[in-house]
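**Q** Following this message is one structure expressed as C-alpha coordinates.
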Amino acid sequence: MLGFAAVLVLAALVPAEGAEAPASALIERFHETLIGVMKKAETLGFEGRYEKLAPAVKETFNLAFMARFAAGSHWKRLSADQRGKLIEAFSALTIATYAERFDGYSGERFDTLNETQFRRRTRLVKTGLVKSDGETIILNYLVGQRGGKWGVIDVHFKGVSELAVRRSEYTSVLKRKGFGTLIAVIEKKIANLRKKRG
(Lines give C-alpha, C1' and ligand atoms only; values in the text may rest on other atoms or scores of the structure.)
Protein backbone atom coordinates (compact mmCIF):
# COMPACT_ATOMS: atom_id res chain seq x y z
CA MET A 1 0.00 0.00 0.00
CA LEU A 2 2.64 2.49 1.01
CA GLY A 3 4.70 1.78 -2.07
CA PHE A 4 1.83 2.68 -4.40
CA ALA A 5 0.96 5.86 -2.51
CA ALA A 6 4.60 6.92 -2.28
CA VAL A 7 5.10 6.51 -6.00
CA LEU A 8 2.11 8.74 -6.69
CA VAL A 9 3.34 11.44 -4.34
CA LEU A 10 7.03 11.38 -5.25
CA ALA A 11 6.98 10.81 -9.00
CA ALA A 12 7.97 13.80 -11.12
CA LEU A 13 4.90 14.83 -13.06
CA VAL A 14 5.25 16.55 -16.43
CA PRO A 15 2.57 18.23 -18.56
CA ALA A 16 0.70 15.87 -20.86
CA GLU A 17 2.08 16.05 -24.38
CA GLY A 18 0.28 18.35 -26.80
CA ALA A 19 -3.28 19.57 -26.47
CA GLU A 20 -4.72 16.07 -26.20
CA ALA A 21 -6.25 15.40 -22.80
CA PRO A 22 -8.21 12.14 -23.13
CA ALA A 23 -8.13 11.43 -19.41
CA SER A 24 -9.61 14.84 -18.58
CA ALA A 25 -12.38 14.31 -21.14
CA LEU A 26 -13.25 11.00 -19.47
CA ILE A 27 -13.44 12.61 -16.03
CA GLU A 28 -15.46 15.57 -17.29
CA ARG A 29 -18.08 13.25 -18.78
CA PHE A 30 -18.30 11.43 -15.46
CA HIS A 31 -18.65 14.70 -13.56
CA GLU A 32 -21.46 15.81 -15.87
CA THR A 33 -23.33 12.63 -14.96
CA LEU A 34 -22.65 13.18 -11.26
CA ILE A 35 -24.01 16.73 -11.36
CA GLY A 36 -27.11 15.54 -13.21
CA VAL A 37 -27.74 12.87 -10.58
CA MET A 38 -27.06 15.30 -7.73
CA LYS A 39 -29.69 17.70 -9.09
CA LYS A 40 -32.31 14.92 -8.98
CA ALA A 41 -30.93 13.15 -5.92
CA GLU A 42 -33.96 13.48 -3.67
CA THR A 43 -36.41 12.35 -6.34
CA LEU A 44 -34.22 9.43 -7.38
CA GLY A 45 -33.43 8.19 -3.89
CA PHE A 46 -30.49 5.87 -3.31
CA GLU A 47 -31.64 3.15 -5.69
CA GLY A 48 -32.37 5.62 -8.46
CA ARG A 49 -28.98 7.26 -8.05
CA TYR A 50 -27.33 3.85 -8.08
CA GLU A 51 -29.11 2.91 -11.32
CA LYS A 52 -28.20 6.20 -13.02
CA LEU A 53 -24.56 6.11 -11.91
CA ALA A 54 -23.85 2.44 -12.62
CA PRO A 55 -23.21 2.80 -16.39
CA ALA A 56 -21.05 5.91 -15.88
CA VAL A 57 -18.95 4.30 -13.16
CA LYS A 58 -18.40 1.17 -15.26
CA GLU A 59 -17.44 3.30 -18.27
CA THR A 60 -15.12 5.60 -16.29
CA PHE A 61 -13.34 3.21 -13.91
CA ASN A 62 -11.15 0.20 -14.68
CA LEU A 63 -12.90 -1.80 -12.00
CA ALA A 64 -11.26 -5.12 -12.89
CA PHE A 65 -7.78 -3.61 -12.44
CA MET A 66 -8.78 -1.92 -9.19
CA ALA A 67 -10.23 -5.12 -7.71
CA ARG A 68 -7.10 -7.04 -8.70
CA PHE A 69 -4.83 -4.41 -7.15
CA ALA A 70 -6.93 -4.30 -3.98
CA ALA A 71 -6.53 -8.07 -3.53
CA GLY A 72 -2.74 -7.77 -3.72
CA SER A 73 -0.75 -10.99 -3.92
CA HIS A 74 -3.87 -12.97 -2.95
CA TRP A 75 -5.31 -12.39 -6.44
CA LYS A 76 -3.19 -15.09 -8.05
CA ARG A 77 -4.54 -17.65 -5.57
CA LEU A 78 -8.18 -16.90 -6.34
CA SER A 79 -10.12 -19.07 -8.79
CA ALA A 80 -11.64 -17.55 -11.92
CA ASP A 81 -15.06 -17.67 -10.24
CA GLN A 82 -13.76 -15.92 -7.13
CA ARG A 83 -12.07 -13.23 -9.22
CA GLY A 84 -15.34 -12.59 -11.02
CA LYS A 85 -17.24 -12.33 -7.74
CA LEU A 86 -14.67 -9.93 -6.29
CA ILE A 87 -14.82 -7.67 -9.35
CA GLU A 88 -18.63 -7.70 -9.17
CA ALA A 89 -18.66 -6.89 -5.44
CA PHE A 90 -15.96 -4.23 -5.81
CA SER A 91 -17.92 -2.62 -8.65
CA ALA A 92 -21.16 -2.60 -6.66
CA LEU A 93 -19.44 -0.99 -3.67
CA THR A 94 -17.88 1.69 -5.87
CA ILE A 95 -21.25 2.57 -7.40
CA ALA A 96 -22.97 2.52 -4.00
CA THR A 97 -20.31 4.81 -2.54
CA TYR A 98 -20.96 7.44 -5.21
CA ALA A 99 -24.73 7.04 -4.86
CA GLU A 100 -24.45 7.70 -1.12
CA ARG A 101 -21.79 10.39 -1.25
CA PHE A 102 -23.42 12.59 -3.91
CA ASP A 103 -26.90 12.73 -2.45
CA GLY A 104 -27.94 16.34 -3.06
CA TYR A 105 -27.27 19.55 -4.94
CA SER A 106 -26.84 23.12 -3.74
CA GLY A 107 -24.99 24.84 -6.57
CA GLU A 108 -21.82 22.73 -6.64
CA ARG A 109 -19.67 22.40 -9.75
CA PHE A 110 -16.62 20.41 -10.82
CA ASP A 111 -13.56 22.17 -12.24
CA THR A 112 -10.80 20.35 -14.11
CA LEU A 113 -7.57 21.95 -12.89
CA ASN A 114 -4.93 20.15 -14.94
CA GLU A 115 -3.86 16.87 -16.50
CA THR A 116 -0.28 15.69 -16.13
CA GLN A 117 1.54 12.67 -17.47
CA PHE A 118 2.35 10.26 -14.66
CA ARG A 119 4.11 7.61 -16.70
CA ARG A 120 3.62 5.99 -20.09
CA ARG A 121 -0.11 5.51 -20.69
CA THR A 122 -0.97 6.88 -17.23
CA ARG A 123 -2.12 10.40 -16.38
CA LEU A 124 -3.14 12.30 -13.28
CA VAL A 125 -6.22 14.50 -13.57
CA LYS A 126 -6.55 17.07 -10.80
CA THR A 127 -10.08 18.37 -10.26
CA GLY A 128 -11.93 20.38 -7.68
CA LEU A 129 -15.47 20.09 -6.37
CA VAL A 130 -16.43 23.73 -5.76
CA LYS A 131 -19.14 24.09 -3.14
CA SER A 132 -21.69 26.92 -3.10
CA ASP A 133 -19.72 28.73 -0.37
CA GLY A 134 -16.58 28.72 -2.52
CA GLU A 135 -14.79 25.92 -0.67
CA THR A 136 -12.97 23.57 -3.05
CA ILE A 137 -12.48 19.88 -2.32
CA ILE A 138 -9.64 18.41 -4.37
CA LEU A 139 -10.30 15.14 -6.18
CA ASN A 140 -7.37 13.62 -8.06
CA TYR A 141 -7.91 10.79 -10.54
CA LEU A 142 -5.15 8.45 -11.70
CA VAL A 143 -6.18 7.35 -15.19
CA GLY A 144 -4.49 4.54 -17.11
CA GLN A 145 -4.75 3.36 -20.71
CA ARG A 146 -5.10 -0.37 -21.21
CA GLY A 147 -6.14 -2.05 -24.44
CA GLY A 148 -6.57 1.37 -26.04
CA LYS A 149 -9.14 2.43 -23.44
CA TRP A 150 -8.68 5.00 -20.68
CA GLY A 151 -10.01 4.19 -17.21
CA VAL A 152 -9.63 5.47 -13.67
CA ILE A 153 -7.39 3.23 -11.56
CA ASP A 154 -7.36 5.27 -8.34
CA VAL A 155 -8.99 8.30 -6.72
CA HIS A 156 -7.40 10.55 -4.14
CA PHE A 157 -10.13 12.12 -2.00
CA LYS A 158 -8.93 14.70 0.52
CA GLY A 159 -5.37 13.51 -0.12
CA VAL A 160 -6.07 9.84 0.60
CA SER A 161 -5.73 7.07 -1.99
CA GLU A 162 -9.02 5.20 -1.88
CA LEU A 163 -7.51 2.19 -3.64
CA ALA A 164 -4.66 2.02 -1.13
CA VAL A 165 -7.19 2.02 1.72
CA ARG A 166 -9.13 -0.82 0.13
CA ARG A 167 -5.95 -2.80 -0.57
CA SER A 168 -4.96 -2.56 3.09
CA GLU A 169 -8.38 -3.75 4.21
CA TYR A 170 -8.88 -6.48 1.61
CA THR A 171 -5.46 -8.08 1.97
CA SER A 172 -5.86 -8.11 5.75
CA VAL A 173 -9.26 -9.85 5.55
CA LEU A 174 -8.06 -12.32 2.91
CA LYS A 175 -5.04 -13.21 5.01
CA ARG A 176 -6.89 -13.62 8.30
CA LYS A 177 -10.36 -14.85 7.35
CA GLY A 178 -10.46 -15.77 3.68
CA PHE A 179 -12.37 -14.92 0.53
CA GLY A 180 -15.89 -15.65 1.78
CA THR A 181 -15.49 -13.22 4.65
CA LEU A 182 -14.17 -10.50 2.34
CA ILE A 183 -17.23 -10.75 0.08
CA ALA A 184 -19.47 -10.66 3.17
CA VAL A 185 -17.67 -7.54 4.42
CA ILE A 186 -18.14 -5.79 1.08
CA GLU A 187 -21.82 -6.75 0.89
CA LYS A 188 -22.38 -5.45 4.42
CA LYS A 189 -20.81 -2.11 3.45
CA ILE A 190 -23.18 -1.85 0.48
CA ALA A 191 -26.17 -2.68 2.68
CA ASN A 192 -25.14 -0.01 5.19
CA LEU A 193 -24.86 2.60 2.43
CA ARG A 194 -28.37 1.73 1.28
CA LYS A 195 -29.75 2.08 4.83
CA LYS A 196 -27.90 5.34 5.38
CA ARG A 197 -29.27 7.09 2.31
CA GLY A 198 -32.21 4.99 1.28
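**Q** Could you identify the single residue in ILE190, ILE153 that is part of a strand (DSSP E or B), touching a Leu at 6+ places or on another chain (Cβ under 6 Å), of a type in the set (A, V, I, L, M, F, W, C) and touching a residue at least 40 places away in the same chain (Cβ under 8 Å)? Outline the logic, then answer.
**A** Values: ILE190 fails: part of a strand (DSSP E or B).
One residue alone meets the criteria, ILE153.
**Q** Give segment 94-147 a look and list any residue that's charged (D, E, K, R), surrounded by fewer than 18 Cβ atoms within 10 Å (Cβ to Cβ) and out of contact with any helix residue (DSSP H, G or I) (no Cβ under 8 Å at 6 or more places or on another chain), or say none.
**A** ARG101, ASP111, ARG119, ARG120, ARG121, LYS131, ASP133, GLU135, listed by residue number.
**Q** Suppose we filter segment 53-93 for residues that are surrounded by fewer than 19 Cβ atoms within 10 Å (Cβ to Cβ), in contact (Cβ under 8 Å) with a residue 60 or more places away in the chain and outside any helix (DSSP H, G or I); how many remain?
**A** 1
**Q** Any residue that is of a type in the set (S, T, N, Q) and touching a His at 6+ places or on another chain (Cβ under 7 Å) - is there at least one of those in segment 150-168?
**A** Of the residues in segment 150-168, the ones of a type in the set (S, T, N, Q) are 161, 168.
Restricting the remaining residues to those that are touching a His at 6+ places or on another chain (Cβ under 7 Å) gives none.
No, segment 150-168 has no match at all.
**Q** So which residues in segment 98-123 are farther than 19 Å from GLU32 by Cα and assigned to a strand (DSSP E or B), if there are any at all? Working first, answer last.
**A** Here is the first cut: in segment 98-123, the ones farther than 19 Å from GLU32 by Cα are 116-123.
Passing the criteria: THR116, GLN117, PHE118, ARG119, THR122, ARG123.
**Q** Restricting attention to segment 148-161, and to residues there that are of a type in the set (D, E, K, R) and either at pLDDT below 95 or more than 13 Å from the chain's Cα centre (by Cα) (or both), which single residue is surrounded by the most Cβ atoms within 10 Å (Cβ to Cβ)? Walk me through it before giving the result.
**A** Pass one, segment 148-161, residues of a type in the set (D, E, K, R): 149, 154, 158.
Checking which are either at pLDDT below 95 or more than 13 Å from the chain's Cα centre (by Cα) (or both) leaves us with 149, 158.
Numbers: LYS149: 11, LYS158: 8.
My answer is LYS149.
The values are calculated or read from the model by the stated rules, or taken from the named source; none is laboratory data. Since we're looking at a predicted model, the values are computed, not measured. A quick note on method: Cβ atoms are made from the backbone with ideal geometry, for glycine too, and the neighbour counts reach across all protein chains shown.
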